[in-house]
Amino acid sequence: MNELLEKLSLAVESGKINKLSPYPPAMRGLDGADELCQQALEAGIKPEVILNDALIPGMGRIGKKFSDGKAFVPEMLIAAKAMSAALKHIKPFFTSGEVKRKGVFVIGTVMGDLHDIGKNLVAMMIEGSGWEVIDLGVDVKPEKFLEAINQHPDCVIGLSALLTTTMVNMETIVKQIRAQYPDHKILVGGAPLSHDFCKKIGATFYSSDPQGAVEFLERSVA
Amino acid sequence: MKTIAVKEISFEELTLTREDVIPLLGGESDYAFLMHEYLDTLFELGKQIFQIKGGYQVFDKLAFNQERQEITIGDITFDVKKVVFNMLRRSSKIAVFVCTAGDQIHELSRQYMAEGDMLKGYVYDLFGSLVVESAMDLVQNSLKSDLNSEGLTLTNRYSPGYCGWTVDQQKNLFALFHPEFDFVKLSDSCLMQPIKSVSGFIGIGHDVKYNDYTCHICDSSNCLYKNLKKQG
Ligand code: B1M
């Protein structure tokens, strides 16, 4: 791989935001994701290549480390900061249509529940894997998800809940979606969930962590 | 012994220290200095950010049904399941507690996340969780010192949502409370608000046990604290 892209990918994975950022200490004084992405564009590397060969793999590696219990949440969030610093340079190409996202992912914490840390982490990692993310927030009613599907028929729906008493509301939401869109892809997650529960309510897939969610989405577009 | 005790707790009273927080953020790693910066602010502004309040109500009209693993307090029955039943069954009284760190920490955390600073939002959220647990330690300690003179001891805290005791039993638990406890509200979906709140039972008696380590009785497979203890 191009050396610049390799450096950029490593900057994202390590959470090196820009030249001035003091973290990680081993990269102090070096260019960060911000500068390296700009340099890659100036070197004529296509934005799509930068995204697919450097940024997404960088986030993917830190996501995998978290999933394997080798990184803590803050490391993932620092990497995400570096990713956003780089993405800032790529965003205009999304707007112009030159770079296409992999798809649309609509996520929300289900009605009755106000927890959002987990949902926000999942949204962030999925955005970092090349998807457009629409975050409907917390306490989201079935109609909101249906509206989103109307507007983005090919989207994947993501439902999050943190308590068993709110996770049951997923069933209502899934039922209402299935009544109109029997084959729609619905991903579920959150601390009290399980594969069995996912199967029972008729959702498509359960992931216990953001990386699993990213991998599910990868498979869904393959 | 007081049967009802509700107390506002100031942030300065808490025994929470950096050493309690840092391990949950990854320990003294090479990014720890960033975490310390957030913690500097949180410890400095804690007094303004937190509205901590907690209390307990003690009940002595108890009935234990071993076969069904149910505890009846007054006329309300709790299906606490095996683990909690066994821990509480020797109690002669039960203190029902609730404690909150207030709304502001959750609001701040959400605000930072909405502004795109997920890291700050996450650290604030985690800190809020530790504050409410630490505040509840104080509430429990004050109950303990209140009981010492009577030669009574306490069990650990047990909460709906742990060890098989289901979260929907929160409705029964809140039904026991005197109106003084309305500083924490329970929604139809059994969510307490403020979010940073905890509730549960503490057993009281001459023959009850407090365990320093309780992770082994809990079936949670994804607990933040348990995984940490496994690593440690
Ligand atoms: C769409 O696709 C996807 C895919 C993956 C998805 C996804 C969507 N959404 C999430 N994910 C996944 O990816 C994220 C990143 O890895 C993860 O998201 P999470 O949101 O799970 O993770 C966050 C990033 C970090 N995790 C957290 O912030 C939660 C951590 C744990 C330890 C936890 C904490 C800290 C707290 N709690 Co409580 N708490 C627990 C939690 C156990 C655990 N390990 O999860 C849990 C959620 N709590 C529980 C309970 C019962 C309770 N808590 C309570 C209180 C508290 C504290 C206040 C002490 C504190 C803060 C709560 C808060 N959220 O602000 C009470 C309720 C509070 C309320 N407001 O009603 C209370 C009811 C206890 C009580 N009676 O007092 C349990 C719920 C189990 C159940 N049966 O419902 C619990 C699982 C612990 C347990 N027993 O194992 C994954 O789940």
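Please enumerate the residues belonging to segment A:185-221 that are over 17 Å from the mean Cα position of the chain (by Cα) and either more than 19 Å from residue A:152 (Cβ to Cβ) or of a type in the set (Asp, Glu) (or both).
Narrowing segment A:185-221 to residues over 17 Å from the mean Cα position of the chain (by Cα): A:191-204.
Passing the criteria: A:191, A:192, A:193, A:194, A:195, A:196, A:197, A:198, A:199, A:200, A:201, A:202.
I need the full set of residues from segment B:165-177 which are among the hydrophobic types (A, V, I, L, M, F, W, C) and either surrounded by fewer than 17 Cβ atoms within 10 Å (Cβ to Cβ) or part of a helix (DSSP H, G or I) (or both), in order please.
Looking only at segment B:165-177, we keep the residues that are among the hydrophobic types (A, V, I, L, M, F, W, C), and these are B:165, B:167, B:173-177.
Across segment B:165-177, the qualifying residues are B:167, B:173, B:174, B:175, B:176.
The set of residues from segment A:173-196 being within 14 Å of chain B (Cβ to nearest Cβ) and either more than 7 Å from the ligand (Cβ to nearest atom) or assigned to a loop (DSSP other than H, G, I, E, B) (or both) comprises A:173, A:190, A:191, A:192, A:193, A:194, A:195, A:196.
When you scan segment A:28-51, do you find a residue that is within 19 Å of residue B:26 (Cβ to Cβ) and under 19 Å from the mean Cα position of the chain (by Cα), even just one? No, segment A:28-51 has no match at all.
State yes or no: is residue A:147 loosely packed, with under 15 Cβ neighbours inside 10 Å and away from every other protein chain (no Cβ under 14 Å)? The answer is yes for residue A:147.
Among the residues of segment B:80-88, are any within 14 Å of chain A (Cβ to nearest Cβ) and either touching a Gly at 6+ places or on another chain (Cβ under 6 Å) or free of Cβ contacts under 8 Å to residues at least 60 places away in the same chain (or both)? Checking segment B:80-88: at least one residue is within 14 Å of chain A (Cβ to nearest Cβ) and either touching a Gly at 6+ places or on another chain (Cβ under 6 Å) or free of Cβ contacts under 8 Å to residues at least 60 places away in the same chain (or both). When A:146, A:162 are checked against the criterion of being in a loop (DSSP other than H, G, I, E, B), over 18 Å from the mean Cα position of the chain (by Cα) and touching a residue at least 12 places away in the same chain (Cβ under 8 Å), a single residue qualifies: A:162. Restricting segment B:107-134 to residues that are out of contact with any Lys or Arg (no Cβ under 8 Å at 6 or more places or on another chain) and in contact (Cβ under 8 Å) with a residue 60 or more places away in the chain, which is farthest from the other protein chains (Cβ to nearest Cβ)? My answer is B:134. The residue list A:105, A:72 contains one member that is within 14 Å of the ligand (Cβ to nearest atom), touching a strand residue (DSSP E or B) at 6+ places or on another chain (Cβ under 6 Å) and either modelled with pLDDT of 95 or more or not acidic (Asp, Glu) (or both), which is A:105. Among the residues of segment B:153-164, not a single one is part of a loop (DSSP other than H, G, I, E, B), more than 10 Å from the ligand (Cβ to nearest atom) and surrounded by fewer than 21 Cβ atoms within 10 Å (Cβ to Cβ). Please list, ordered by first then second residue, the pairs with beta carbon atoms under 6 Å, 6 or more apart or interchain, first in segment B:176-198 and away from chain A (no Cβ under 12 Å), second near the ligand (Cβ under 6 Å from one of its atoms) and not hydrophobic (A, V, I, L, M, F, W, C). That search, which allows pairs on different chains as well, returns B:184/B:197.
Yes or no, residue by residue, for (1) of a type outside the set (Val, Ile, Thr); (2) within 9 Å of the ligand (Cβ to nearest atom); (3) at pLDDT 95 or above; (4) within 27 Å of residue B:7 (Cα to Cα):
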{"site": "B:167", "(1), (2), (3), (4)": "no, yes, yes, yes"}
{"site": "B:171", "(1), (2), (3), (4)": "yes, no, yes, yes"}
{"site": "B:220", "(1), (2), (3), (4)": "yes, yes, no, no"}
{"site": "B:232", "(1), (2), (3), (4)": "yes, no, no, no"}
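Give the number of residues within segment A:118-132 that are within 13 Å of another protein chain (Cβ to nearest Cβ) and surrounded by fewer than 19 Cβ atoms within 10 Å (Cβ to Cβ). Explain how you work it out, then say what you get.
As a first pass, look at segment A:118-132 and keep what is within 13 Å of another protein chain (Cβ to nearest Cβ): A:118-125, A:127-128.
Within this subset, residues satisfying the condition of being surrounded by fewer than 19 Cβ atoms within 10 Å (Cβ to Cβ) are A:118.
Number of matching residues: 1.
The values are calculated or read from the model by the stated rules, or taken from the named source; none is laboratory data. Predicted model only: the values in this text are computed from it and were never measured. Don't worry about glycine lacking a Cβ; one is built from the backbone with ideal geometry, like all the others, and counts go over all protein chains shown.
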